[in-house]
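Trainee: Here it is, the structure in full.
The values are calculated or read from the model by the stated rules, or taken from the named source; none is laboratory data. Just so it is clear, the model here is predicted, and its values are computed rather than measured. Cβ placement follows ideal geometry from the backbone for every residue including glycine, while neighbour counts extend to all protein chains displayed. The accessibility values were calculated without ligands, DNA or RNA, using every heavy atom of the protein model including side chains. Shrake-Rupley method; radii C 1.70, N 1.55, O 1.52, S 1.80 Å.
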Amino acid sequence: MGFAKDFLKKELNKRAVADYYRKVSESTVTFDEWIRQKETNLKSFDMTLDAMGRDSVNTELSELSYAARVEDVSVRIVPYTKVSKNFLLRNYLEDIIVFANGELTERALPLIVEAFKNPEVSVVYGDEDVARLDESESTKYGRSIYGTRENPFFKPDWSPNTFLDHFYFCNIVALRRVSFRDISFDREKEGAESIYDTLIKYIFESERSVYKSVRHIDEILIHVKNFELNRLKPSDAARHLTKVVSGELQEKLTDGDVKITAVIPSKDNPELLESCLRSLYNCNLSGISLEAIVVDNGSGDSTKKRIADLRDTYNFRYEYMPMEFNFAHMCNHGANLATGDALLFLNDDIEIVDKNTLQEMLSQVLLKFTGACGIKLLYPDSTRIQHAGVVNTRIGPVHKLQFLDDTLEYYHGFNRHVNNVLSVTGAMLMVRADAYKKVQGMNEALKVAFNDMDLCYKLYESGYMNVVLNNIYAYHKESVTRGRDTDVYSIKRLNDEKEKLFNMHPFFRFYDPFYSKYLNTDCLDVRISAGNEYEYERAVKKASSKKAVDISAYREEPCVQLSVEYAGPLNKYIYEEKSDNKELYLQGFTYVSGSDNALYKKRMLLSTDKVSFAIDFEGSLRKDVLTNCDTEINVAMSGFALKIPTGFLEPGDYRVGVIFEKKFSKEKLYIFSNKYLVVR
């Protein structure tokens, strides 16, 4: 009898696992099918060529230079390989010259021509992917075989600091010929290197050209073999930057007279503060004078004495002002006392590693168009990333690549390069004093969180570009100064401050100019990957029934992992706040650590002081969880995206949890999060 029971249980478990894999397969959407669907409504241009016009029957189409006409605009496609050391742009008569290292898609030319309708635009670039092309059709240009498109490179909007670091235009760039008629290509260079040098020479000729001349098309324009050219570095960009560098600061730097003021908020952390100061003053200060101001919001007497001893060693100004923690006010207070040309805001839990860090940051801040400059931050004594730039998503600002191992390279070298981003963390942020003053510093209504985001948004709105240097790093003992946001009060405060942020900057709700619309934005996936891996529209399911449960019949189990990414009105999540839709929405992921998750039935748990409800839901595919939790068993379907209809729940504050019931066992587990779903 026992043998038969065990056999039956094994068979049922096998079926449950098979059913799990079936659901994973049904939920998976390849990049190829996803991007083709997204491109359905884009204009196409017949890219079929006349085979008789080819230079050689043995020449690949991507190696040919040929002309086309779109509407009333003439276009010349020039392969990178045609840009030799004696290349002359004036040999071409077409309106637009498209340099390409691959085969253009059927959508490329109409989009490029449309972009050049803006008379101020002289340079256009777009996105790319890898695809296998139909070699059996020798006259078909850029038509990928179905099922073969992969590995996209979705680029940011125009990013001047990034461009000065590496050739992120990569395999395609188009020029307005008349704008470049007086610009000569370097005869010592060829191919992409020559194009890159010429573009730097033109774009950085003036502030106006930096801001007005370049346009990004956020669609895939070309199919390529690889992205090796994304690693190309400029040979001597500095000689072309004289007109976009702050002349006064450059002169001061040359004379060894540039001053940086470090503003360090601190309270009751003398050991951390000493480590921070030691690493700061250990930096290469050639040409720089350094001033430090420590702003203390209420350390105890013993700490004050230790800080006084530190002051004898590091000669900083000590501002003691007992008050409730308000990071923005502390930074503003320090900035008002500062005499430096540039301000460096530092958490006292930062430890600078590279001695050239201040020099590197200052070289970016010297550029007139640069706003806030941050650097990559790692968790202490590890290679795990804490900060590599902040991205806006549906859910709000997200630290992309957080917790990932920095020994690996992510998304076309994002964690290796200098990147323009919408915002950087205030834990380590440099900005010119005049720019900080222009935007009136940090907003003190945002006492704890998002004051750095607000500063960066204001800088961007004022015409500055924010940048993160992911080619250098410091260590950050995150939030040691004020603790972690884990209790209910802190979570509420965090959400309130986020709402204040977007009320002040509604333009940036679910928008980030440096993060493509085709990248993952709908969940708290720290990876940078294409949106086919998770979309709200595909993941969401509607709650259909609820059941009152006695939670005492379940065992609270710490091995149940629950991350609630969003719990609130649906219209705020999908940014239709003016609609009358009163539906609610829950999103996140959950799994049982150390167990086979294919063997569990999951239900959302919503609980007040009076009643607890269990709501059935279908799991949604979360490849980020599968990737990041690679030691766990069958967690791909760990997501939940639950839409709760109007009137489904009585008014109240419902704590959000989850129930796991093993399908062929009596095991019943639950866990609560620190998030609440408020029903009004």
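Trainee: Give the residue list of chymotrypsin sites (Phe, Trp or Tyr not before Pro) in the stretch 112-160 that are DSSP loop and have at most 12 other beta-carbon atoms within 10 angstrom.
Mentor: Sparse-neighbourhood loop chymotrypsin sites (Phe, Trp or Tyr not before Pro): Tyr146.
Trainee: Next question. For the stretch 111-236, restrict the atom set to alpha-carbon positions and state the Rg and Dmax in Å.
Mentor: 15.4, 48
Trainee: Which of Pro160, Val178, Gly147 sits farthest toward the positive end of the charge dipole of the stretch 147-187, with +1 on the Cβ of Lys and Arg and -1 on the Cβ of Asp and Glu?
Mentor: The residue sitting most towards the positive pole is Val178.
Trainee: Pop the C-beta distance of Lys668 and Phe510 into the FRET formula with R0 = 35 Å and round what comes out to the nearest 0.05.
Mentor: 0.35
Trainee: Can you tell me how much longer the chain between Arg278 and Arg36 gets when fully stretched, taken as 0.36 nm per residue apart minus their C-alpha distance, in nm with one decimal?
Mentor: Extra length from Arg278 to Arg36 when fully extended: 81.7 nm.
Trainee: Let me spell out the model: positive unit charges on the Cβ of Lys and Arg, negative unit charges on the Cβ of Asp and Glu, origin at the Cα centre of the stretch 227-378. What dipole size does that give, in debye rounded to 20?
Mentor: Dipole about the Cα centre, nearest 20: 420 debye.
Trainee: Counting alpha carbon pairs within less than 8 Å and at least 6 residues apart, what relative contact order, in whole percent, applies to the chain?
Mentor: Averaging sequence separation for qualifying contacts and normalising by length gives 11 percent for the chain.
Trainee: Report in % the part of the accessible area of the stretch 219-291 that belongs to carbon and sulfur, leaving out ligands and nucleic acids; probe 1.4 Å.
Mentor: For the stretch 219-291, the apolar C and S fraction of the accessible surface comes to 45 percent.
Trainee: Just one of (1) 1.01; (2) 1.08; (3) 0.97 is Rg/Rh (Cα atoms, Kirkwood Rh) as worked out from the coordinates here. Which one is it?
Mentor: The calculated read-out lines up with (1).
Trainee: Find how much the distance from Ala67 to Val17 grows on full extension, using 0.36 nm per residue of separation minus their present alpha carbon separation; answer in nm with one decimal.
Mentor: Fully extending the segment from Ala67 to Val17 adds 12.4 nm.
Trainee: If the label point is 7 Å along Cα→Cβ of Arg538, which residues in the stretch 118-151 have backbone nitrogen under 16 Å from it?
Mentor: Residues passing the 16 Å test: 147-151.
Trainee: Next question. Considering the options Leu422, Tyr575, Phe227, tell which one lies farthest towards the positive end of the dipole of the chain, charges being +1 on Lys and Arg and -1 on Asp and Glu at the Cβ, about the Cα centre.
Mentor: Projecting each Cα onto the dipole axis, the largest value belongs to Tyr575.
Trainee: Can you work out the FRET efficiency for the pair Thr646 and Asp218, with r the C-beta to C-beta distance and R0 = 41 Å, to the nearest 0.05?
Mentor: Calculated value: 0.70.
Trainee: Related question: Placing unit charges on C-beta atoms (Lys and Arg positive, Asp and Glu negative, everything else neutral), compute the dipole magnitude of the chain about its Cα centre in debye, rounded to 20.
Mentor: 1440 debye
Trainee: The stretch 381-458 to the stretch 529-587: how many Å between their Cα centroids?
Mentor: If you average the Cα positions of each part, the centres end up 27 Å apart.
Trainee: Note the direction-averaged projected area, equal to a quarter of the hull surface, for the Cα convex hull of the stretch 236-366, in nm².
Mentor: 8.4 nm²
Trainee: Give me the base-10 log of I(q)/I(0) for the stretch 227-281 at each q in 0.24 Å⁻¹, Debye formula, one uniform scatterer per Cα, rounded to two decimals.
Mentor: At q = 0.24 Å⁻¹ the computed log10 ratios are -0.94.
Trainee: Taking a point 7 angstrom from the Cα of Arg143 along the C-beta vector, which residues in the stretch 87-124 have backbone N less than 11 Å away?
Mentor: The answer is 106, whose backbone nitrogens lie closer than 11 Å to the label point.
Trainee: If you bin the C-alpha pair distances of the stretch 385-441 every 5 Å from 0, what whole percents do you get?
Mentor: Pair shares across the bins are 4, 16, 22, 23, 16, 10, 6, 2.
Trainee: Could I ask something else about it? In terms of Cα to Cα distance under 17 Å, which aspartates and glutamates are near enough to Lys602, apart from those fewer than 8 places away along the same chain?
Mentor: Leaving aside aspartates and glutamates fewer than 8 places away in the same chain, those within reach of Lys602 are Asp19, Asp550, Glu556, Glu557, Asp616, Glu618, Glu632, Glu661, Glu667.
Trainee: May I ask you to give the percent of accessible area on the stretch 368-512 that is carbon plus sulfur, with a probe radius of 1.4 Å?
Mentor: 54 percent
Trainee: Lys/Arg Cβ at +1, Asp/Glu Cβ at -1, dipole of the chain taken about the Cα centre: which of Ala238, Ala192, Tyr457 is farthest positive-ward?
Mentor: Final value for the positive-end residue is Tyr457.
Trainee: While we're here: Run the helix sum for the chain: -39,500 (n - 2.57) per DSSP H stretch of 4+ residues, divided by residue count, reported at 222 nm to the nearest 500 deg cm²/dmol.
Mentor: When only DSSP H runs of four or more count, the value is -7500 deg cm²/dmol.
Trainee: Could you state the accessible area per residue of the chain in Å², with a 1.4 Å probe and every protein chain left in place?
Mentor: In whole numbers, the chain has 44 Å² accessible per residue.
Trainee: Which cross-chain or sequence-distant (5 or more) residues have an amide H under 5 Å from the amide H of Ile472, H modelled 1.01 Å from N in plane?
Mentor: Lys376
Trainee: Also, I was wondering about something else. Efficiency by 1/(1 + (r/R0)^6): what FRET value for Leu93 and Lys438, r their Cβ-Cβ distance, R0 = 35 Å, to the nearest 0.05?
Mentor: 0.15
Trainee: Highest mean first, what order results for 230-237, 648-655, 169-176, 603-610 on Cβ atoms within 10 Å?
Mentor: 169-176, 603-610, 648-655, 230-237
Trainee: Please turn the phi angles of the stretch 216-233 into ³J(HN,Hα) values with the Karplus equation 6.51 cos²θ - 1.76 cosθ + 1.60 (θ = phi - 60°), one per residue in order, whole Hz, x for glycine and proline.
Mentor: 9, 9, 8, 9, 6, 9, 8, 9, 10, 8, 6, 10, 4, 5, 5, 8, 5, 9
Trainee: Run the numbers for Lys43 and Phe3: contour at 0.36 nm per residue of separation, minus the present Cα-Cα distance, in nm.
Mentor: 7.9 nm
Trainee: Of the listed pairs Lys267/Lys500; Lys85/Lys155; Lys189/Lys233; Lys610/Lys663, which have alpha-carbon separations greater than 20 Å here?
Mentor: Check vs 20 Å cut-off fails for Lys267/Lys500; Lys85/Lys155; Lys610/Lys663.
Trainee: Give, as ranges by residue number, the residues of the stretch 92-129 whose backbone N falls under 20 Å from the point 7 Å along Cα→Cβ of Arg231.
Mentor: Under cut-off, by backbone N: 101-102, 128-129.
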